[in-house]
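Some notes on the structure that comes next.
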Amino acid sequence: MASMSSLYDSNSTVQLLEQEFAQEAAAIRETADRLPALVLEYVKEKRPGLERFFSEEIQESRRRRRDAHAVIIDFAGSRLVANFGTLATGNFTASIGRIKTRLWELKVDRDSEREALVKREHEMIVQHPKRNDPQLTRSQAERMEEVLHALEKQADQEELSLRPLNTIEEIGEHILQKEAA
C-alpha cells in the first residue's frame, strides 16, 4: 500500500486495527461477564442462600485474573455443576470459543470428581436469542441453530450436557429445579 500511495501510513493502520480489536474484545468481555451475575441475582431473589454455590468472582460481580491453567466453574451446587455462556449473535466465533473453553473446564471438573461418591450433573448453560427474535436476520438465526447443534454434539461426545436457554428466568428456574430435586 505504501508504494501505491504516499498518504498510506502502516503504523496508523495498525494502531486503528488494534484500537478496534481492543474495543470489540472489551465489549465481548462485558457481555460475557453479565450473564452469570444476572443469573445469580435471579436465583438469590427466588431462593436466598443458594448464592453461596456461585463462584466468588460472580458473587463479587467481577472477574479476577487467574492462572492460565486454573479451571473456572460458575456454579457448583449439591446436584448441579454449571458454567454459563452467551451465544452472541454479533460475534459467533469469539462466543463459540468461550463456550468451548467453558465446556472443557466442566469436563476437567467432572473428571476430577469421578472418584467421589457423589455424582453431580455437569452442564454448560448457553443463553441465546430466540429463533424468531426480530433483531436476528434469517441467516443469523440459521447459523445460531447450526452452532447450537454442533456444540450439543461436542458436549455429548464428552458426556456433558449443553442446555440452550433464552432468558435469565429460564436459566434461573432450571438451576432452582435441579438443586431442589
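Relative contact order of region 50-125: 31 percent, from C-alpha pairs under 8 Å at least 6 residues apart in sequence. Put simply, the Cα atoms of region 52-181 extend 46, 35, 33 Å along their principal axes, the longest span coming first.
For GLU158 and LEU117, the difference between the fully extended length at 0.36 nm per residue and the C-alpha to C-alpha distance is 12.7 nm.
In the assembled protein chains, LYS100 presents an accessible area of approximately 90 Å² (probe radius 1.4 Å). Neighbours of ARG114 by Cβ distance under 14 Å: Lys/Arg scored +1, Asp/Glu scored -1, total -3. Would you mind checking the pairs LYS44/LYS107; LYS107/LYS153; LYS46/LYS178; LYS46/LYS100 and listing those with alpha carbons more than 21 angstrom apart? Pairs exceeding the cut-off: LYS44/LYS107; LYS46/LYS100.
Of the residues THR86, THR137, ranked by 1.4 Å probe accessible area with the largest first, the sequence reads THR137, THR86. Residues whose amide H lies under 5 Å from that of ARG163, counting only those 5 or more places away or on a different chain, are MET124, ILE125, VAL126; hydrogens are built 1.01 Å from N in the peptide plane.
Computed from the C-beta positions of GLU51 and GLU146, the FRET efficiency with R₀ = 35 Å rounds to 0.50.
If you take every DSSP beta bridge whose two residues both sit in region 68-181, what share of them, in percent to the nearest 5, is antiparallel? So the antiparallel bridges amount to about 15 percent of the total.
The values are calculated or read from the model by the stated rules, or taken from the named source; none is laboratory data. As the structure is a prediction and not an experimental result, all values here were calculated from the model. Here the Cβ is made from the backbone with ideal geometry for all residues, glycine too, and neighbour counts use every protein chain on show. Remember, those area values only see protein heavy atoms, side chains included, never the ligands or the DNA or RNA. Shrake-Rupley method; radii C 1.70, N 1.55, O 1.52, S 1.80 Å.
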